[in-house]
Each structure stands twice: as C-alpha cells, then as structure tokens.
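Novice: The following block contains the structure, expressed as structure tokens.
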Amino acid sequence: MERTEIAERIRTIISLVVKHDNFEMTDELTANDVAGWDSLSHVGIIVGIEAAFNIKFKLKDLNGMNTMGNIIELIRSKIE
Amino acid sequence: MVFISISFVIFFLVFFFFYWFVFGRNLRSQNLFVLAGSYLFYAWWDWRFLSLLIGSSLLSFLLGIHIEKATNERRRRILLYLGLLQVLGALLIFKYLDFFIVSFVDAFSIFDITTDIRTINLILPVGISFYTFRIISYLLDINSGKIKPTADWVVFFSYVSFFPSLISGPIDRAQALIPQLEKKRTFDYDQATDGMRQILWGLFKKIVVADNCVNVVDEIFDNYLNVPASSLLLGAFIYTIQVYADFSGYSDMAIGFSRLIGFNITRNFNFPFFSQNIAEYWRSWHISLTTWMTEYIFTPLSFSFRSYGRTGLILAILLNFILVGIWHGANWTFVLFGLLHGCYFIPLILRGTINTSKMTAKSKLLPSLVELRNISVTFALVVLTNIIFRAESIFQAFSYFSRMFSPSLFAGTYTYPRLLLIIALFLSVEWLGRGQQYAIAGLALSWPRTARWAFYTVVIMLIFVIGGKQHQFIYFQF
Amino acid sequence: MKQFLKRILHFTFLLLLIFMVGMILPATPRVSESILFVKNDKDSLLANVDSPRIIFLGASNLLLGLNSQIIHDSLRLNPINASLFWGIGLIYMMDNAINYIKSGDIVVVSSDYSEFYGELAYGREELLWTVLDVSPSSIMKLRSEQWLNIFRFLPSYSFSKFALTEWLFKYENAIYSRNSCNRYGDMYTHWGLAKPKLVPLKKIAGDFNSSIIDELVKFQTRLREKDSFLYITFPAYDSASFQTFKTKILEVENELKKKHFALLGTPYRYNVPDSLAFDGAGHLTKEGCDYRTRLLIEDLKVQMREKHWVY
C-alpha cells in the first residue's frame, strides 16, 4: 500500500476520534499538534488503525509511535 | 533542611557561590559538586537512609547499562524486573508494609479471627516516592529504547538525587534532566532572575496563603463534630486552597532554585483551579506525577484493555487513579480519593467529549458564563474529594460528609474575613497570570524595573508581616 | 553574572534601608493601645506600692485569673498583679521584677505549663515588641537565649510599621488592651462580658526544659538574699486542656516538687469546671477569678501558718 493512502486512512481515523480535521498530515506530526489527541483518545485512534489495516500492535510498538512518520512506517511493516 | 529555613538559605548561598565560581570550570567538577550538595542535603534530612538512596542509585545505574547491552529478550526482561523490584520493593516495604499488615489484620477481625501480627513501624525514608519514580522511568525508558543509559555515574546519581526536587518533586524524566547534566551549565542572567522571581512567588504562596490556611483548616477539621455544616464546607474549600498553595509554592521554589544553578526542571502546576473539566484539571495538577502515570500506567493499561471498548478505558482510568491515590499515602482514604477521581472521568469517556486545550477565557479578562459554570463544577468536585484526602479514615470522611449535607449548611458561621481576603487576592493574581509558567512570571516583560522592585519589596514585606506560622509541607510525608 | 550580583546587592541594600527605617519608626498607634503596654503601669506598681506586698508573676493565667481585691481584703497585704502577656516569657518577667523586690515581699509565680517546655520561657514575638516599643531600656538586659528566640521576628517587626492599618485604625479590643487592668494589675474588662467560645490548648511544643526549673531556683536564691519569699502555684486550666496535657502537667509538678519549692496547691486542685473558664486555657470568668483567688488564699494561709507568718 502506498504511503499516501495509509496517511489518508489514518487522517480519517484521527478526525473521527478528535472530531475535527484541523491538522496537516506531515511526517513530523505528533499528538501535541492535534487538539484533542490526548491519552484518552490515543487508544481510540490505535483501535481504529488496527481495525482499518487489519493489524495488531504490540505494547512495545507504542513506544515507536511518537511521530506520524514512525506510525506510517510501523503500519507498513505490519501490512507486509 | 526545609527550603524555608536559615540552614537552607546558608546552604544554598554557599552552594551557589562555589558552584559558579569554584567548581564551574568544567563539567565534571560541576556535576560532582551537584552530587555532593545533593547528598549533603539528603543527609541533613535523614543520614540513615542515604545508604538506601546510594544503593538504589548504584544498582539501577548498573542494571540500566546491562539492560541496554542485553542480547536476548529474556535476559533483558529479567534485568528490568530486577531493577524495578529492588526500587519498588523498598518503596512498598517502607511505605506500605504497615498498611498491608493493618488491613490484613482488620480484614481477618471482621470474621472474628485474631491474628498476632504487629506492625513494624518503619520510618519512611524522605523523598522515596519521588526518587523511586525517577529510577523506574529511567529503566523503563531504556528498556523501550526511548533513551540510552548514561555511562557517567555522576550524572545518573545526580539525576536521582537532584536536591531541589529530591524531597517533593517535580518528578523529572531522564530524557529531560540527564541531557542537562551532560552539558556544562553557564550562568544566564534571565534564567537566574526568573528563578528568583519564581522562588519569591513560591514563598508567598507557602507562607502567606498556605500557612494562614492551616490554622483555620485544623480548627474546623479537628472540631468537625461541633461546627455547623457551613463551616465544614468552608473548611473544605480553604483546605483545597491550602494544598494548592503549599504544594505549588514548594514546586515553584524547587524550579526557581534549579534555575539559579542553570537547570530547567519540569513544570508541576498549570493553574488547575481554572480547569473546565476533570481531565484538564489532572493535566494541570501535579503534572509530573500524572504524566508519569499516564505514560507508564494508563497508556499500557488502556492499550491492554482496548478490546473492551469504553469499559476497558474506564477500567484503565480507575486503576490509574487508584494508584495515583495510593501513591499519596498508605491509607484507604487515598484509595477512595483516587477511585472517585477516576469515576469523575466516566462521563467524559461515555460522552466521548474530547477536551480542546483551549485556555479558559483566552485573552479576555473574565470567563464566559459557560466557562464559569464548568470551572465551578470541576472545582466543587475537587473540593469535595479533598475532604476524603484530608480525613484520617474513611469513617471520618463519611462522618464529615454526612454532617456537611445537613440543614445547618445555610447557617451563619464565622467567615474568617482576613483569610478569605488573602485567598481572594491570591486567586486574582493567579487568574491574571494564568497564561504563564507561574503567576508573576510576566513581570519581567511588562513592568519597568522600579515598579518590579517595588512589587518584590511589598511581597517580601507581606511575607514577613502577614505570613502564618511555619508548618511542614504537606507533601513531605510522601 | 556581575550584573546579577550587582542587582542583588542593590536590592538587598534597598531592603536593609527599609528595614532600618522601620526599626527607627515609633510604636504604631495600634501597638500603643495593646496589652503589651501595661508593663509600664505594672512596673510603677512594683516601684511605688507600699509594703507588706504580695506580688504575682506569670502569664495570662494570672492576668485573667485573679481578683486581687479579695487578696487585699483577706490577707491584708497589698497585692500587685505583675503578670504579663504569654509570649513575653517567664525569664524576662523574673529578670525584670527582681529589680523592684523589697524586703518582706511575697512573690507568687504561676507560670503556664507550656513555658516549661521548649524555649517558650525565653520569649517570642511579644518579647521583641516589648523591648523595642514598650520598654527599650530593657534591651541591654536580654540574655542570649532570648535574643536567639526573638531575632527572627525583627523583619516582621520593622516591616509591620509600614502597614497603613497600624496607623489608621485604632483597634478597640474590649478585652485585651492597654486599659484592661485595674489598679492592682488584674485584667477586669472581661468580667462583665458574656463567655465567648472556649478554645482549649492545642499544643505544648518541645521537650521538658530543666533550665527553667534552674532559673526558678536562682530566682528563689536572689529573693532570699533580699529577704523575700517565693511560692509557686499552678494555672487554672479547663478540663479539655488539662486532659490533653495531663502527662506534661504532672511532669512539671513532679520536677517542681523535686526542688522543694513551696508549692501552693496542686494542678488537680486548680483544674476548674469549664463554666468558670473564659476563652482559653488558664483564662477565667469573674466567678472563676474569685474561685481561684479563694483557693489561693486558702493555700497561702496554710503555708503561712506553717512558717509562722503573721497575716
């Protein structure tokens, strides 16, 4: 799957959870840059991603999910 | 040494002088001096437990290095668990052993089984709740690859026992403090003056606000069986102000002293009483603890429970806050305190409302009616739960509540006008300064020097003249 | 760094300047009306009242716990209630009174129990205000232990003079003011008032301080050199205060007995019913003052008979 497609899907998921789409999907994007993406909504986003890409994250994967770029890479490694 | 004591003032003056003028030549001597100063500071409090502090630091330092070097997963995990066990074990034994024993005995006595187990009455090592969490975060971060262990034992030992925040926090993460220890600090005028200004404000909060509240709060709580309900409510309100002024004042001083020696340590409070919901409150209260808990407890828990949807999330929040409660002390009141705060999140989770981090009444003088309502509700929840926090037992807490929700709630009572005036002035200054690191931080930018110095002079005079009698910081017993 | 140190120095200098100005400013109107100023009135009583005299020394348990008129009428002695406010400290009161003692004086000391613990007997803020505002001549006579206790209140003393409230408002405290004492030195303005809420004693800080007992022994010796006699008696505590501190109270009694002081009564005897207590530990209503005074007179008579004093 192409990076851009992954990014688009993630964007939709995040928007659904935080209830807005006032953010740019750059590789450097972090949770702090998106209003409403806090520890409470974080799990919702993860669950959404797992469902959308039919993957399962492990606990240690969480540590690598600090920027959007890392998330996308992580998802790619799991899909392949 | 408490920050507010002649011995600490002398200690810090001497330390400051030697730190910048004698040992400031190179990084190594600077750090060794910080470590020496920190151990002297700790030994002054209680030299008996200095060996525990040093021992935990040494073991954790070595384990940190070996965890990173570990080639297989199993070995890595064993080393990690060893590290966590030694440091958590000490905390559990010193802080909670008697609590477990007493609860165990009480539980059996409900079934009329008497047990001949006595409490051990161990003394709580000062600062153990704080430095234990520093060490745990260090080991966990190494394990997850977030940071690399430091090869410099002086740096690590200083990180664990950093004296401005050793006794009552803030709880700095390794990623924040260790890099600062690895670079030579150079004196910065703005940083130092800002530090002094923050110390002054912390002193004001502690001596003028908190210490004046203590006597009134003690009077009401000690006498709660004989005062009208309106007094009980007033007492709960004043106690809430007291804890905030006391703890945030102490944090301000810790941050200020750190800045005077060139360190920027983490913020601990962000005007929590102006929060519009409980999530925002906990993002603003004892920030270093709640971010720690979020990262190492809540996030893994909520992740593990994620297949249970909202229920899983609620369960994670409840467990997280029960632990926050227990961290404060070995008493069922703290457990209940934590549980209740966890419950406050349930409506937020069920509604799925996501809090925008918009500042209350941003760039406006007064909040809107909606904001005011939200602030009041949140504050009321906090005030009510604080009754449990202060009570000596759950029974006493419930007794207090039942007496408070009675007709005499509307009875007239002594209103302590002088104290309420102090509180009103204090909250006004906090409100006006709410966008900043601490309420009077902005003085540097807006006022001319004469005005600033006049302000500082007045604050200092107020501290001496209307300051209350000195009392121990509440958070020292943690 | 240089600029930082320079600024700190300048600011400290500014503060010191303000501090010095505050020290030099006269006593504020509020302080001038306070109970601390009765010390001067009592000193003139000590200087001028004729023999035979009976002098009472102690803190507020004598200020608000004695009716000297009854003493005058019963024992036909001239009573002087030379007691002062609590924070001034027993040591200061003894050091001050000894200068006025005449041959044949009877001195009755009733110190609050808390003064036997910690450093309280060496005075607190009230002592500082007394030596700076009320009786500056006594500054030179202060001991080092007293200075150690009170020097940290110097900034608040000095800075309090800049508070407008000290100059603009006259605090008409009905009970505790300069004009509260009658011609014998008893506080009497509260005798006609309704009983306020009784606040029992909450805390006695510090460990037992045996040096206070030693000071009493020294005081007794000096009195004997002037041909005077020392009695020691006990404050009239309400039941709650008494119960809370019973162990400490009995410890004080025990230590006093060990030194063979002439004791008037026992702590239990002076443990009064709460109906006689006024607003705090040792403070009594008019009925309480009369009651306690009569107990004292009984105890005095017993002692005096034993020593064949003519009364």
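Each reported figure results from applying straightforward, stated rules to the coordinates on display, with no laboratory input. Computed from a prediction, not measured in an experiment: that's the story for all the values here. Here the Cβ is made from the backbone with ideal geometry for all residues, glycine too, and neighbour counts use every protein chain on show.
Novice: So between B:Q437 and B:L365, what do we pick up on full extension, going 0.36 nm a residue minus the alpha carbon distance?
Specialist: Gain on stretching B:Q437 to B:L365: 24.1 nm.
Novice: Okay, next question. Helix C:38-48 versus the longest principal axis of chain C: what is the Cα-based angle in degrees, 0 to 90, to the nearest 10?
Specialist: Roughly 50 degrees, rounded to the nearest 10.
Novice: In addition: Could you work out the Kirkwood radius for chain A, taking every pair of different alpha carbons, averaging 1/r and inverting it, reported in Å?
Specialist: Roughly 12.5 Å, rounded to one decimal.
Novice: Calculate, in nm to one decimal, what C:Y268 and C:E145 gain on full extension: separation in residues at 0.36 nm each, minus their alpha carbon distance.
Specialist: Length difference between fully extended and current span is 41.1 nm.
Novice: Under 8 Å for C-alpha pairs, at least 6 residues apart: give me the relative contact order for the stretch A:3-79, rounded to a whole percent.
Specialist: 35 percent
Novice: Could you work out the mean projected area of the convex hull around the alpha carbons of chain C, in square nanometres to one decimal?
Specialist: Reported value for the Cα convex hull: 18.0 nm².
Novice: Any lysines with Cα under 23 Å of the C:K202 Cα? List them, leaving off those in the same chain fewer than 8 positions away.
Specialist: Straight-distance partners of C:K202: B:K206, B:K469, C:K246, C:K248.
Novice: Moving to a separate point now. For a quick check, take a GNM of chain C with Cα springs below 10 Å and name the residue from C:W129, C:W191, C:W167 with the largest mean-square fluctuation.
Specialist: Taking springs between Cα atoms under 10 Å, the residue moving most is C:W167.
Novice: Computed FRET efficiency, Cβ-Cβ of A:A51 and B:L350, R0 22 Å: what is it to the nearest 0.05?
Specialist: For A:A51 and B:L350, the calculated efficiency is 0.60.
Novice: What is the sum of charges, Lys and Arg at +1 and Asp and Glu at -1, for the other residues whose Cβ falls under 11 Å from the Cβ of B:L445?
Specialist: Value of the local net charge: -1.
Novice: Follow-up. Determine the sum of side-chain charges near C:G123: Lys and Arg each +1, Asp and Glu each -1, restricted to other residues whose C-beta is under 11 angstrom from that of C:G123. Don't jump to the answer; show the numbers that get you there.
Specialist: Numbers: positive: C:R124, C:R143; negative: C:D95, C:E115, C:E119, C:E125, C:E126, C:E145.
Residues near C:G123 contribute -4 overall.
Novice: With the crude spin-label approximation of a point 7 Å out along Cα→Cβ, what separation in nm comes out for C:L164 versus B:Y189?
Specialist: About 3.6 nm separates the two model spin labels.
Novice: With the Cα gyration tensor of the stretch C:1-77 in hand, convert its eigenvalues to equivalent ellipsoid semi-axes via √(5λ) and list them largest first in whole Å. Before the final figure, lay out each step's value.
Specialist: Working: eigenvalues 501, 32, 23 Å².
Over the Cα atoms of the stretch C:1-77, the semi-axes work out to 50, 13, 11 Å.
Novice: How high is the FRET efficiency from C:K259 to B:Y308, r the C-beta distance, R0 60 Å, rounded to 0.05?
Specialist: Efficiency for this residue pair is about 0.20.
Novice: To continue, here is another question. Output the relative contact order of chain B, whole-number percent, from Cα pairs under 8 angstrom with separation of 6+ residues.
Specialist: Working: 600 pairs, mean separation 85.6, N = 478.
Averaging sequence separation for qualifying contacts and normalising by length gives 18 percent for chain B.
Novice: Within 10 Å of each Cβ of C:151-163, how many other protein chain Cβ atoms are there on average?
Specialist: That average works out to 3.
Novice: Something else about it: In percent, what relative contact order does chain C have, based on Cα pairs under 8 Å that are 6 or more apart in sequence?
Specialist: 25 percent
Novice: Among DSSP beta bridges whose residues both lie in the protein assembly as shown, state the antiparallel percentage, nearest 5.
Specialist: Values: 3 of 20 bridges.
Within the protein assembly as shown, antiparallel bridges account for around 15 percent of the total.
Novice: Still on this structure, I have one more. Quick one: what does P(r) look like for the stretch B:1-156 with 10 Å bins over all Cα pairs, in whole %?
Specialist: All Cα pairs, binned at 10 Å, distribute as 10, 27, 28, 21, 10, 3, 1 percent.
Novice: Under 12 Å from a label point 7 Å along Cα→Cβ of B:N223: give me every residue in the stretch C:196-211 with its amide N that close.
Specialist: So the set is C:196-202.
Novice: Quote the FRET efficiency, to the nearest 0.05, computed for C:Q243 versus C:D207 with a Förster distance R0 of 30 Å and r equal to the Cβ-Cβ distance.
Specialist: Computed FRET efficiency for C:Q243 and C:D207 comes out at 0.90.
Novice: Project the alpha carbons of the stretch C:129-240 onto their principal axes and report the range along each, largest first, in whole Å.
Specialist: In descending order, the Cα extents are 48, 37, 33 Å.
Novice: Taking the simple approach of a point 7 Å from Cα along Cα-to-Cβ for both C:K286 and B:L122, what is their distance in nm?
Specialist: Rounded to a tenth, the inter-label distance reads 6.3 nm.
Novice: If one takes the longest principal axis of the Cα atoms in chain C, at what angle in degrees, from 0 to 90 and to the nearest 10, does the Cα axis of helix C:246-258 lie?
Specialist: Once rounded, the angle reads 70 degrees.
Novice: Counting other beta carbons within 10 Å of each residue's own, what order do C:R292, B:R306, A:R3, B:R449 fall into, fewest first?
Specialist: B:R449, A:R3, B:R306, C:R292
Novice: When you have a sec, figure out the Kirkwood radius of chain B from all distinct Cα pair distances and drop it here in Å to one decimal?
Specialist: Kirkwood hydrodynamic radius for chain B: 24.1 Å.
Novice: Quick one: Debye curve from the alpha-carbon atoms of the protein assembly as shown only, equal weights, vacuum; give me log10 I(q)/I(0) at q = 0.08 Å⁻¹ to two decimals.
Specialist: Normalising to I(0) and taking log10 leaves -0.87.
Novice: Further question on the same structure: Direction-averaged shadow area of the convex hull around the Cα atoms of the stretch B:271-399, nm²?
Specialist: Values: hull surface 34.5 nm².
Answer in nm², one decimal: 8.6.
Novice: Taking beta carbons within 10 Å but only from partner chains, what does the mean come to for residues C:113-120? Walk me through the numbers before you get to the answer.
Specialist: On the way: counts 0, 0, 0, 0, 0, 0, 0, 0.
The shielding value for this peptide is 0.
Novice: How many partner chain Cβ atoms sit within 10 Å of a residue's Cβ in peptide A:40-53, on average, as a whole number?
Specialist: Mean partner-chain Cβ count within 10 Å for A:40-53: 4.
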